[in-house]
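Presented below is the structure to which this report refers.
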Amino acid sequence: MKNDAKKAPLYLVTKSKSYYGNVLAYCIKTSEYVYLHFGQEIWREKASRELFDYFNQTKNPDFDEVEKFEIYQKYAQDCQKY
């Protein structure tokens, strides 16, 4: 199952400036968010797809609203580490 999860498509949720190489993606098949740093998987975590849906439904996201999502808070903290 682990190998199948890695082959499942990832959908971009958000990314930082390109030179940092931080990306938060969502895997619909496994309901997991995946944090990638320069293409290297750092972590994978199951969570509600609310953040993914919010970005898909909003052209200009309000980052005060985005920061309320726990998965985004974890991503933002880890962006500071790497």
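The values are calculated or read from the model by the stated rules, or taken from the named source; none is laboratory data. Model, not experiment: these values are computed from the prediction. Methodologically, a virtual Cβ is constructed for each residue, glycine included, from the backbone with ideal geometry; neighbour enumeration extends over all protein chains shown.
Looking only at the stretch 25-82, filter to residues that are under 13 Å from LEU10 (Cα atoms) and of a type in the set (Val, Ile, Thr); which one of those is nearest to the chain's Cα centre (by Cα)?
VAL34
Collect the residues in the stretch 1-36 that are modelled with pLDDT of 65 or more and of a type in the set (Gly, Ala, Ser), keeping them in residue-number order. Before the answer, list the steps.
Of the residues in the stretch 1-36, the ones modelled with pLDDT of 65 or more are 7-14, 21-36.
Selection gives ALA8, GLY21, ALA25, SER31.
State which residue pairs qualify: first residue acidic (Asp, Glu) and inside the stretch 64-82, second residue loosely packed, with under 13 Cβ neighbours inside 10 Å and assigned to a helix (DSSP H, G or I) in any location, beta carbons under 7 Å apart, and separation of 6 or more residues or different chains.
Sorted first by the residue in the stretch 64-82, then by its partner, the pairs are GLU67/GLN73.
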